[in-house]
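Structure first, commentary second.
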Amino acid sequence: MAAVGALAVLIPWVAGEAVVNWALLVLLQVVVAQSWNLLAGYGGQVNLGHAAFFGIGALVTRGLWMQGMPVAVALPVGCAAAVGAGLLVGVPSLRLRGPYFAIGTLAMAEILRIVVATVLPEVSALPAELIAGYQLLPRYYLVLLLAVAATGAVWLVEQSRFGMGLLAVREDEGVAEAVGVDSYRHKLLAFLLSASLAGAAGGAFGYYHLSFYPQFAFSPVWTFDAVLMVFLGGIGTVWGPPVGAAFFVLLREALALRLTELHVLVFGAVFVVVVLALPGGLVDFARVLRLRWVRAARPGQA
Amino acid sequence: MSGAVLELKGVQAAYGDAQVLWGVDWQVRSGEVVAVVGPNGAGKTTTLRVVTGLLRPLRGEVWWDGIRIDGLSADQVVERGVALVPEGRRLFSRMTVLENLLLGGYAPRARRVRGETLREVFHLFPILEERAGQPAGTLSGGQQQMLAIARALMSRPRLLLLDEPSLGLAPRVVQQVYEVVERIAREGVTVVVVEQNVYPVLQHAPRGYLMAQGRVVAEGTAEELLRTELVQRSYVGG
Amino acid sequence: MEVWLQNVTFGALVGGLYGLAAVGLALVFGVLHMLNVAHGELIMLGGYTTFWLFTLGGLDPYASLLVAGPLLFAVGVALYEGLFGRLVRLHEESKIQLSILIGFGLALVLHALAILAWTADDRAVTAAYAGRVLHVGRLVVPLTRLGGLAVAFAALGGLHLFLQRTDVGRAIRGTAEDWEAASLMGVPVRRVYRTAFALGSALAGVAGSLVAVSDAISPAIGLSWTLKALIVVVLAGLGSILGTFVAGVLLGVAESAAAFALGGVFREVVGLVLFVAVLTLRPQGLFGRKL
């Protein structure tokens with residue numbers, strides 16, 4: 001784990017620009033995956049409209065930054081915008097039961113996508129001054145920082161009292177309420193935290209791209225890739241999303257897939273297989289393997 | 001061979017990680033009426049669920065009419081002549097009385113003679129024929145119990161299991177229910193009745209089992225069970 | 001006034017199709033307690049079936065219904081056996097969540113497959129009678145839309161009779177209400193689930209055929225039809241075919257009215273807004289039972 005971390009930090013110094021760009025996008029997806037993992041894995045709520053927060057973060061951050069606001073301000077504002085959207089969406093929809101929440105968020109993300117597609121121009125290109133001052137390195141470290149922060153946030157939640165309450169709500173809302181856990185507040189907080197992380201990732205994305213298609217930032221593929229990575233690695237765990245991301249990326253490179261239909265086709269199939277066969281993801285699979293190995297090493301056990 | 005037509009040998013069962021049955025042994029001979037009594041949580045309903053195929057046992061065997069039926073699905077068990085009148089009746093309350101009965105005769109073996117069975121059932125329960133077009137949910141408690149029994153009879157069972165038929169019913173209605181059970185038994189159907197309420201069923205069943213905490217703790221004739229200390233302790237001592 | 005009435009009529013005709021699309025989804029949800037969010041993709045497949053039969057074989061679109069229905073029935077069986085049937089053993093919460101996720105993945109896969117196979121272009125079926133209209137008083141009613149409504153009526157009527165009068169139909173209804181009790185009656189629950197799922201899929205196929213006749217189809221219509229069906233199911237609530245059909249018509253009318261009064265963009269948005277509103281204010285829908 002430490003080796004991977006060191007590698008991640010050192011990449012810009014040892015590898016060429018193409019690799020750095022690639023690594024940046026991977027890390028970005030880790031952030032999105034962790035943010036989805038937080039709500040789904042710990043909160044038990046499936047948000048199918050997650051891409052909306054990413055998109056809002058991207059739009060707001062980029063818009064403000066292009067107007068001249070320094071990115072150090074624009075990014076948090078973009079993040080805040082995503083949280084604001086999260087409030088708008090979350091307050092009514094978290095009162096709904098699981099499946100209705102999922103399709104409710106899907107519907108709302110779709111509304112947003114249609115509005116964006118209608119209102120905004122197809123492409124957003126940077127003005128000359130910003131292109132001139134463009135540097136990849138700080139952007140890379142920004143995203144790396146976000147990835148660490150997202151993973152750290154999930155870890156912190158897992159250790160905290162808030163996290164315990166959240167897990168209780170995930171397991172059985174009725175029982176949790178009976179023990180005095182305000183399930184609605186817990187779910188809402190998790191939702192907003194999830195939105196903020198996704199919004200931050202979106203902001204970084206908006207900051208990163210030279211030319212940028214607003215509609216793409218709202219594409220359901222962002223949600224889908226995140227969901228896939230989370231399930232691949234292990235939903236509801238801290239290291240699941242990064243592990244899942246690693247596997248996802250390896251598979252993608254091995255099959256030389258880009259963001260085309262083939263990407264969706266292959267990964268859609270992989271996703272379905274993973275959900276059916278490995279509900280706990282690779283992290284859980286590793287745990288099961290380890291248990292079996294331990295059991296086999298002890299003679300005389302049933 | 002014990003001559004038993006229904007036999008449970010060492011049946012253990014669990015719901016997920018929680019084990020509920022710890023080795024249940026029953027032997028019921030053809031045509032008998034046997035009671036199974038015991039306090040709440042004794043595992044009586046769970047045992048019935050194992051017999052009817054709704055729950056797969058962890059260990060043990062269930063034999064009916066010479067074949068092993070543990071591990072069969074519920075609809076396969078019904079096809080072999082076992083019917084359950086479930087606890088709480090579980091009627092299809094949105095469907096009519098007639099539709100409930102027709103559905104009761106869904107199993108292929110029963111469907112072939114469904115018209116005839118329906119006539120027999122209406123003969124046994126004239127009130128159901130009267131209310132054939134009404135939604136099952138609009139019937140009174142006692143009528144619903146009759147419908148539940150009639151629905152089970154539609155599958156032409158040779159083993160009828162009843163889970164707490166007296167639940168929630170007035171004593172006079174309970175009497176009517178048990179009169180019907182006796183009539184069914186007289187036709188040669190083997191009957192097992194599970195009740196928490198000891199007294200009415202012990203008047204109708206010559207022998208029974210007392211279960212507690214997932215095991216059979218006593219067995220005997222009605223009088224023997226009535227006299228069993230445990231029974232007295234459970235129901236007199238509270 | 002007249003334009004407004006024309007508008008409403010058109011909306012109602014479109015809405016009949018929404019109702020048909022929704023009933024398939026509602027059937028699966030009501031019986032299996034699973035939400036197949038790939039339902040729109042099945043509609044899309046039905047549309048393409050009609051398109052290719054028409055383009056390659058000259059088969060009249062209304063006749064191709066007889067192919068699309070059974071074909072999508074078979075697809076439904078395959079999807080049940082391969083995917084959704086594996087979720088049946090789970091308890092309610094996980095089952096619905098996982099079915100949504102699986103459906104999500106399946107939808108993306110089918111969408112991608114369609115693009116790879118047939119490109120993302122719009123396709124249209126222009127039968128000989130495509131442009132013809134019927135004059136009802138001063139209203140102008142496109143013949144194909146009327147045909148669509150008639151077929152939808154017939155299909156739903158047939159479904160109703162099937163569910164009310166046949167043994168399998170009764171078994172489906174009983175299983176929907178209490179699957180354990182149904183299995184105690186000798187109903188083979190897994191087979192019933194499969195039949196219900198395949199039936200839902202077949203209804204999607206028929207809806208898709210009708211869509212191909214009166215609208216353009218493309219791989220992209222999948223998500224939009226899934227959402228339409230979801231909106232109608234939520235609007236209607238569970239419990240009656242007629243209620244679902246009426247809710248579909250209502251959605252169609254609302255869309256037309258919104259587009260007419262507020263502008264084209266609001267056609268799609270109004271449905272989604274209604275959806276969110278009903279979910280938050282009256283979760284059991286307009287005609288449904290308390291969930």
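A few points about this structure:
- Residue match in segment A:269-282 (condition: in contact with a Ser or Thr (Cβ under 8 Å, 6 or more places away or on another chain), at pLDDT below 80 and outside any loop (DSSP other than H, G, I, E, B)): yes
- Answer from A:Val175, A:Val169, A:Val116, A:Val123 - the residue that is farther than 26 Å from C:Leu281 by Cα and within 14 Å of chain C (Cβ to nearest Cβ): A:Val116
- For segment C:214-234, taking the residues that are modelled with pLDDT of 90 or more and more than 13 Å from the chain's Cα centre (by Cα), the one that is nearest to C:Leu110 (Cα to Cα) is identified as C:Pro219.
- If you go through segment C:76-87 and keep only what is more than 9 Å from chain A (Cβ to nearest Cβ) and either buried (at least 23 other Cβ atoms within 10 Å of the Cβ) or in contact with a helix residue (DSSP H, G or I) (Cβ under 6 Å, 6 or more places away or on another chain) (or both), you end up with C:Gly76, C:Val77, C:Leu79, C:Tyr80, C:Phe84.
- Single condition C:Ser240 does not satisfy, out of (1) surrounded by 18 or more Cβ atoms within 10 Å (Cβ to Cβ); (2) away from chain A (no Cβ under 14 Å): (1)
- Hits in segment A:205-227 (condition: in a helix (DSSP H, G or I), touching a residue at least 12 places away in the same chain (Cβ under 8 Å) and surrounded by fewer than 20 Cβ atoms within 10 Å (Cβ to Cβ)): A:Gln215, A:Val221
- Evaluated against (1) closer than 26 Å to A:Pro92 by Cβ; (2) away from chain C (no Cβ under 14 Å); (3) within 14 Å of the chain's Cα centre (by Cα), A:His50 falls short on exactly one condition, (2).
- Check on B:Ala132, part of a loop (DSSP other than H, G, I, E, B), farther than 23 Å from B:Val194 by Cα and among the aliphatic types (A, V, I, L, M): yes
- Matching option when the condition is buried (at least 20 other Cβ atoms within 10 Å of the Cβ), over 25 Å from C:Phe104 (Cα atoms) and either more than 11 Å from chain A (Cβ to nearest Cβ) or not hydrophobic (A, V, I, L, M, F, W, C) (or both), among C:Val249, C:Val232, C:Val211, C:Val253: C:Val249
- Summed over segment B:70-96, the residues that are at the interface with another protein chain (Cβ under 8 Å from one of its Cβ atoms) and more than 19 Å from B:Val24 (Cβ to Cβ) give a count of 11.
- In the condition set (1) surrounded by fewer than 22 Cβ atoms within 10 Å (Cβ to Cβ); (2) of a type in the set (A, V, I, L, M, F, W, C); (3) away from every other protein chain (no Cβ under 14 Å), C:Leu203 is compliant with all but (1).
- Segment B:16-60: number of residues that are touching a residue at least 12 places away in the same chain (Cβ under 8 Å) and in a strand (DSSP E or B): 18
- The set of residues from segment B:167-188 being outside any helix (DSSP H, G or I) and surrounded by 17 or more Cβ atoms within 10 Å (Cβ to Cβ) comprises just one member, B:Leu169.
- Filter pass, C:Val28 being of a type in the set (Val, Ile, Thr) and assigned to a helix (DSSP H, G or I): yes
- Inside segment C:164-181, residues that are surrounded by 19 or more Cβ atoms within 10 Å (Cβ to Cβ), of a type in the set (A, V, I, L, M) and more than 7 Å from chain B (Cβ to nearest Cβ) make up a count of 2.
- Checklist (1) surrounded by 22 or more Cβ atoms within 10 Å (Cβ to Cβ); (2) charged (D, E, K, R); (3) away from chain C (no Cβ under 14 Å); (4) closer than 21 Å to B:Val78 by Cα applied to B:Glu116, failing item: (1)
Here's the yes/no breakdown for (1) modelled with pLDDT under 95; (2) closer than 25 Å to C:Arg170 by Cβ; (3) surrounded by 24 or more Cβ atoms within 10 Å (Cβ to Cβ):
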| position | (1), (2), (3) |
| --- | --- |
| C:Met1 | yes, no, no |
| C:Asn7 | yes, no, no |
| C:Leu17 | yes, no, yes |
| C:His33 | yes, yes, no |
| C:Thr50 | yes, no, yes |
| C:Leu53 | yes, no, no |
| C:Leu56 | yes, no, no |
| C:Asp60 | yes, no, no |
| C:Val67 | yes, no, no |
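- Here C:Lys95 meets each of (1) buried (at least 16 other Cβ atoms within 10 Å of the Cβ); (2) within 9 Å of chain A (Cβ to nearest Cβ); (3) over 19 Å from the mean Cα position of the chain (by Cα) with one exception, condition (2).
- Qualifying residue in segment A:82-93 (condition: in contact with a Phe, Trp or Tyr (Cβ under 6 Å, 6 or more places away or on another chain), surrounded by 14 or more Cβ atoms within 10 Å (Cβ to Cβ), within 14 Å of chain C (Cβ to nearest Cβ) and more than 12 Å from A:Tyr207 (Cβ to Cβ)): yes
- Check on A:Asn37, buried (at least 24 other Cβ atoms within 10 Å of the Cβ), in contact with a Pro (Cβ under 7 Å, 6 or more places away or on another chain) and either under 17 Å from A:Pro241 (Cα atoms) or within 14 Å of chain C (Cβ to nearest Cβ) (or both): yes
The values are calculated or read from the model by the stated rules, or taken from the named source; none is laboratory data. Bear in mind the structure is a predicted one, so any value in this text is a computation, not a measurement. All Cβ positions, even for glycine, are placed from backbone atoms using ideal geometry, and neighbour counts span all protein chains on display.
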